[in-house]
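Accompanying notes for the structure given below.
Every read-out reported here was derived from the displayed coordinates using simple, explicitly stated rules and does not represent laboratory data. In this text the structure is predicted, and so the values were computed from the model without any measurement. Note: ideal-geometry Cβ built from the backbone for every residue, glycine included; neighbour counts use all protein chains shown.
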Amino acid sequence: MEQIDFVQRVDAYAQAAANDPARFDRSVLGMAVLAGLWIWGGLLLGLVLLAWSLLSYVYQGFHGLQFFGFFAGVALLISVLRLTRSDWVAPEGIAVPAAECPRLFEALERVRQKLRGPRISHLVITEDYGLRIAQQMRLGGLLPARYHLLLGLPLAMAIDRPRLLAMIAQEYSHLRRRQGWLQAAVFRARRRLQGLHERLADARQMTHLGWANERFMRWYLPRWWAASFVVARQDEALADRMAARWVSKPLMGEALSEVAVRGRWFREQFWTMHWLRARELASPMGPFSLMAGVMNHRMDVNWVYQGWKQEYYAPASYQDTPPSLRERLRGLDVPPGLTPMSSSNCLAWLGKRSERWIELLDQRWCVRHGHDWVAYRQILAASAARVAALMPREPYLDADQLVELGWQLQSTALQHQDAPLPIYQRALELEPANARALAACASLHMGMDWEAQLQYLAQAFAQLPAMGSAWCRLATGVLDVLEDEDFDEASVRQLRSDWRAREALARVQLQALHDERLALGSLLGARACTALPHPLWASELASLQIHLQHCPRLRRAWLLARPLRSVPDAYALVLVLDRPGVHYQDNRRLAQQWRGYLERELLLCKLMPLWISHVDELGPTGVRQLAAMPWGLVYDRAEQPAGMRSGAAPLSG
């Protein structure tokens, strides 16, 4: 629900910035000044209260107000210091000294001199696909900051040196002090305050700030975070242009395009291929030792072209500040088009011990993902057994069994992404109102006929209104492709008008869902929450329980269907996890991980919105409601076999 508020605020601030940029910049500057005045004012007021109480005691003797002033000053100082304490965490990865990779630091120095930026003091090789410069503030900014270059090993393996240098120049441009100083300063401040934002997202941490600071931050932080997001996105475009002045616009455009395409390939192809090795290997295998050769030699030309089109037409995400690839290329005045991929990488820049860094990252990855590997191996084995049981009877399967067969092939990558499409279409022929088949067809888009795709999306929007925003996002991407591929302009214009109307309706429904969850909570009581309207297949329930078995510190879990009062005849899928004694941030990260699991492996997540909650968030009322719903319990560590059986009956139908 916080994400919905954030998106709405970002859209409003983006519109304000487009209508009157100067006024928007003044408002952002005013918000930054207000935060500074609040912090320094609190510190000064606390010091004044302490000084008054001590001096009054020295010159006038003791009286009651001195006691009040002393403790009020101490409380105010502690509250402000808690608010402003550094959330710096040493980057995860391998710190590499400059002596180990002199050529890379020579290149960094050339970029620094050209762009007049600060010196990079540390290089950290990470597991992520990306590149970032992290700023470490010292003594609240009284001492010079330190800058750490976080270089993702997959990125160094993916692109050649000129393109990596272009990406470093783009990242360095965020550290400028002159042109566009406000955008750059807000961009840096947003990165520094990431830890504070995550910390204060926990209501329990917010209450530790004191009454006044808590009220102020509840009002200020959501507005600042959304406004700074808009400014940071503007700064990304400006940094692209500044880096292009040094490395040339064509090279900058090529670097952005290749990083986007290889990033999609990395997420969709490499990791799928790597995790499928769990079929043969009982123990986890490190991915980085195999990554370099695969990156440079195993990219299908047709997939690269389709991947570039998807990246080019994909809208900008609200999860991170970079604009869409299309907006970035237009900002550079670079014509869109797929350029050849890099034929070499930058591992030589990491020095003679680069193989040692790869080995260390492989070991860390295997330790961290050992449980996930075992769980996925079990899921793959169960899926293969289910496909083997269904495939010989394919001509005689009913609609629901056909959809299950297609989904097993798709979710475990036993066939190409689009291969199950004929199976889904046959299921729709047998049962035109089958919601699972319709959702599966609508979500497949690569290699499909675009007109058929829009028809499936329109049917899904009408039949599954609770997921209307997801169908509108997919339709917008399809229409962008049609618009740029010389389709009939009048037809595209009419289709876009129709989908804009649907999108407006989806926004209203999304806001209604947001208001409903805030007002009524994730649960409505034992009588309202029922068994799932679209029951889980036995294979889906088995996959879910395998993940639950390997979830650390999980005691119990419930899976429920909550009717949506704001959307008639629609439900939300509610997963409630009980992990006593776990920090809020750990629960939040686990919720993101579980969302990825469920959206990949449960077709049900395409039919209804997924809400993930924890018992600690529900309070005593929620605990009593869960106790009255034993049929929703899908996992109980204390009575694991009984817990599994109790959840199997209502969910499998």
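Hey, can you rank 624-633, 456-465 by average C-beta count inside 10 Å, highest first? Write out the running numbers ahead of the final one.
Values: 624-633: 17.9, 456-465: 19.8.
Peptide ranking by packing, descending: 456-465, 624-633.
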Query raised in the report: Can you tell which of 90, 478, 150 lies farthest toward the positive end of the dipole of the chain, using +1 and -1 charges on the Cβ of basic and acidic side chains (Lys, Arg; Asp, Glu)?
Result: 90
Query raised in the report: Tell me, what is the percent relative contact order of segment 2-84, built from C-alpha pairs under 8 Å that lie six or more residues apart?
Result: 26 percent
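If we sort 383-392, 566-575 on the protection proxy, mean other Cβ atoms within 10 Å, highest first, what's the order?
The peptides rank, most packed first, as 566-575, 383-392.
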Query - Around residue 566: net Lys/Arg minus Asp/Glu count, Cβ-Cβ under 10 Å - result: 0
Query raised in the report: Taking Cα pairs under 8 Å and at least six residues apart, what relative contact order does the chain come out at, in percent?
Result: 10 percent
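Stokes-Einstein at 10 °C, 1.306 mPa s, Kirkwood radius from Cα pairs: D for segment 2-84 in µm² s⁻¹? If you can, show how the numbers build up before the last one.
Working: Rh = 15.8 Å.
Roughly 101 µm²/s, to the nearest whole number.
Net charge within 13 Å of residue 384 by Cβ-Cβ distance, Lys/Arg positive one each and Asp/Glu negative one each, not counting residue 384 itself? Before the final figure, lay out each step's value.
Values: positive: 279, 377, 386; negative: 280.
Here the count lands on +2.
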Requested in this report: Give the distance, in whole Å, between the Cα centre of segment 566-581 and the Cα centre of segment 349-418.
Outcome: 27 Å
Query raised in the report: What longest region of the chain stays clear of GluC sites (Glu not before Pro) that DSSP places outside H, G, I, E and B and that have at most 10 other Cβ atoms within 10 Å?
Result: 1-279
**Report entry** Set of lysines near residue 114 by C-alpha distance (under 20 Å), chain-local residues within fewer than 8 positions excluded
**Finding:** 249
Query raised in the report: Cβ under 14 Å from residue 431's Cβ, residue 431 left aside: what net charge do those residues give with Lys, Arg +1 and Asp, Glu -1?
Result: -2
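Please report 369, 148 as a ranked list, fewest other C-beta atoms within 10 angstrom at the top and most at the bottom.
Working: 369 16, 148 19.
Going from least to most buried by this count: 369, 148.
Sorting 111, 33, 231, 7 on the 10 Å Cβ count, fewest up front, what's the list? Numbers along the way, then the final one.
Working: 111 21, 33 10, 231 25, 7 16.
Ordered from fewest to most neighbouring Cβ atoms within 10 Å, 111, 33, 231, 7 come out as 33, 7, 111, 231.
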Requested in this report: Counting other Cβ atoms within 10 Å, keep those with at most 12, restrict to DSSP loop, and tell me which chymotrypsin sites (Phe, Trp or Tyr not before Pro) in segment 35-122 are left.
Outcome: 62
Query raised in the report: For the residues 54, 607, what sequence is obtained by ranking on other C-beta atoms within 10 Å, fewest first?
Result: 54, 607
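With each run of n ≥ 4 DSSP H residues scored as -39500 (n - 2.57), what mean residue ellipticity at 222 nm is computed for the chain after dividing by its residue count and rounding to the nearest 500 deg cm²/dmol? Don't jump to the answer; show the numbers that get you there.
Numbers: 27 runs with 411 residues, N = 653.
The helix contribution divided over the chain gives -20500 deg cm²/dmol.
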Report task. Considering Cα pairs under 8 angstrom that are at least six residues apart, work out the relative contact order of segment 492-570 and quote it in whole percent. Result -> 42 percent
Query raised in the report: By DSSP, what percent of the beta bridges with both residues in the chain are antiparallel, rounded to the nearest 5?
Result: 70 percent
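Suppose every K and R has +1 on its Cβ and every D and E has -1 on its Cβ; what is the size of the dipole of segment 386-520 about the Cα centre, in Debye to the nearest 20?
Values: 11 positive and 20 negative charges, 116 e Å.
The dipole magnitude comes to about 560 debye.
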Query raised in the report: With +1 on each Lys and Arg Cβ and -1 on each Asp and Glu Cβ, how big is the dipole of the chain about its Cα centre, in debye rounded to the nearest 20?
Result: 2540 debye
